[in-house]
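Notes to accompany the following structure.
Only the coordinates and a few stated rules stand behind these numbers; no lab work does. Keep in mind the model is a prediction, meaning the values are calculated, not measured. Cβ atoms come from the backbone with ideal geometry, glycine included; neighbour counts cover every protein chain shown.
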């Protein structure tokens, strides 16, 4: 499914390069909007756009600007949605498997405030719920937006750069060397996946140990 989406995106962008900025904006908005980000393969699409930049198909300027603006407005929309709807409805309507990350995000926010909003954008499970936690707890508007804007400025190149590097490397490889390059990429990909499988449980255990409380260990109603 993701491979098909990436192939379709690349084919469309080749013909409509002028729409790269708005398309990136939409993808980044969906990636940052609470809960929706778990339904759309936005991260893979942003990496694919980065690969097109590295391969010389796209100008990086509109893509980066679109990514930054989409990230800012996606988090801002989630923040204002939470403020408008209120904590009771947010907790009640959250998918069951996202109630614990929401509780962690709330706990992190209560402890670290501004820093939790800034760094939460870079942590997958928390990115989808941190704006909700900030809105429910009624963090000050400008305080939230300062963390939102600054984190988006850093987050956009971080999301796009790996794809850009991969696209540039691929564009420099001769066709005769492509099998070796694919094999190397596969080895690195498998190695990264294995490292993630080992480190992710340790990170989750650390978060549970450091930030859990008896109230958070109970299901959020």
#### Entry: Value of Rg/Rh across the stretch 40-89 [Cα atoms, Kirkwood radius]
1.19
### Message
Multiplying the sequence separation of residue 43 and residue 168 by 0.36 nm and subtracting their Cα-Cα distance, what value in nm do you get?
### Response
43.1 nm
### Label point distance in nm, residue 143-residue 111, each placed 7 Å from Cα along Cα→Cβ
1.8
### Residue order, fewest to most surrounding Cβ atoms within 10 angstrom, among 121, 143, 100
143, 100, 121
